[in-house]
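Colleague: I have a structure here, written as structure tokens, and I will follow up with some questions on it.
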Amino acid sequence: MDTLRIILLGPPGAGKGTQAKSMSESLGLVHISSGDLLRDHQNRGTELGMTARDYMKKGLLVPDNLIIGMIEERIKMEDVESGYILDGFPRTVQQAQSLEKALENQGESIDKVANIVVSDQELIHRLGGRWICRQCQQPFHEINSPPQIEGKCDTCNGELYQREDDTSDAVVQRIKVFGEQTNPLIEYYSTRGTLVSIDGEGSIEQVRQSLIGAVS
Ligand code: AP5
């Protein structure tokens, strides 16, 4: 199979993490989540993690200069040879331009950008009921996709927790930040002919099918 490099674009709660996890397994791609990488830095107590935490808690973007280096380092690793799904990066035009330049230098490019469209009301409902596995990061929802055993991950039996930026104030801020700083990427990738928009309000399986169809 050819190398496939995909970006999942969409507001907080659109289902990027849910879909990237399952698509990466079925397409044999590496799932690279900028949010998960930052949370890993926080858990390890690195300087980047500590700096990022102040922004993340408030629902603000971490400065471009901190994020860009972290992702560029990740996409040069050996395990991404057959391709990857970027989840949560890029989020600003500056990040997109830096990514494009870094890929060009390696003779590579992004194949598809899938924009998952979900209404603000649905995003607030999803994030308010989200629980995440501490071990494998699998997201659940207390109503839409509850775990089989309360508080335990179906996949790895890890403990489930709620993110500190899923408070109602931080969620409203994150949706606002998406509209102001990330929405311009729709135009950016549309002019490059790589953008495809997907209705993200069907069931998890319906959205998965639409995404697989759009990127394959
Ligand atoms: P990040 O971790 O990337 O969070 P996010 O983009 O806000 O997205 P989420 O992870 O909240 O949502 P998702 O779209 O993955 O939805 P999920 O699949 O979990 O970023 C966090 C923070 O880190 C940022 O605010 C920023 O501070 C910083 N950061 C990260 N990247 C950065 C960057 N590039 N630049 C600067 N700062 C950066 O689904 C949500 C819920 O809905 C789950 O409960 C799930 O079960 C449920 N669900 C999913 N799909 C469906 C469906 N189809 N129907 C019903 N329920 C569904």
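Colleague: One residue is enough: does region 38-55 have a residue meeting the conditions open to solvent by less than 20 Å² (accessible area, probe 1.4 Å), out of contact with any Ser or Thr (no Cβ under 8 Å at 6 or more places or on another chain), near the ligand (Cβ under 8 Å from one of its atoms) and modelled with pLDDT of 95 or more?
Modeller: The answer is yes, given that some residue of region 38-55 is open to solvent by less than 20 Å² (accessible area, probe 1.4 Å), out of contact with any Ser or Thr (no Cβ under 8 Å at 6 or more places or on another chain), near the ligand (Cβ under 8 Å from one of its atoms) and modelled with pLDDT of 95 or more.
Colleague: Pairs only if they're at least six apart or on different chains, beta carbon under 6 angstrom, first in region 1-26 and more than 6 Å from the ligand (Cβ to nearest atom), second modelled with pLDDT under 95 and outside any helix (DSSP H, G or I); list them, first residue then second.
Modeller: Pairs that qualify, where the first residue is more than 6 Å from the ligand (Cβ to nearest atom) and the partner is modelled with pLDDT under 95 and outside any helix (DSSP H, G or I), are THR3/SER82.
Okay, residues lined up against (1) modelled with pLDDT under 95; (2) acidic (Asp, Glu); (3) closer than 21 Å to GLY59 by Cα:
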position	(1), (2), (3)
ARG134	yes, no, yes
ASN144	yes, no, no
ASP154	no, yes, no
GLU164	yes, yes, yes
SER168	yes, no, yes
GLN173	no, no, yes
GLU180	no, yes, yes
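Colleague: Further question on the same structure: What's the total number of residues in region 172-215 that are of a type in the set (S, T, N, Q), assigned to a helix (DSSP H, G or I) and more than 14 Å from the ligand (Cβ to nearest atom)?
Modeller: 2
Colleague: Here are the criteria: (1) closer than 15 Å to HIS31 by Cβ; (2) assigned to a strand (DSSP E or B). Tell me which single one TRP131 does not satisfy.
Modeller: (1)
Colleague: Looking only at region 91-122, count how many residues are open to solvent by less than 40 Å² (accessible area, probe 1.4 Å) and either assigned to a loop (DSSP other than H, G, I, E, B) or more than 9 Å from the ligand (Cβ to nearest atom) (or both).
Modeller: 11
Colleague: Let me ask something additional. Report yes if some residue within region 95-104 is of a type in the set (A, V, I, L, M) and free of Cβ contacts under 8 Å to residues at least 24 places away in the same chain; otherwise report no.
Modeller: Restricting attention to region 95-104, the residues satisfying the condition of being of a type in the set (A, V, I, L, M) are 96, 99, 102-103.
This time we only want the ones that are free of Cβ contacts under 8 Å to residues at least 24 places away in the same chain, so: none.
Among the residues of region 95-104, not one is of a type in the set (A, V, I, L, M) and free of Cβ contacts under 8 Å to residues at least 24 places away in the same chain, which makes the answer no.
The values are calculated or read from the model by the stated rules, or taken from the named source; none is laboratory data. Just so it is clear, the model here is predicted, and its values are computed rather than measured. Quick reminder, even Gly has a Cβ in these numbers, built from the backbone with ideal geometry, and neighbours come from all protein chains shown. Heavy atoms of the whole protein, side chains included, go into the accessibility calculation; ligands, DNA and RNA do not. Shrake-Rupley method; radii C 1.70, N 1.55, O 1.52, S 1.80 Å.
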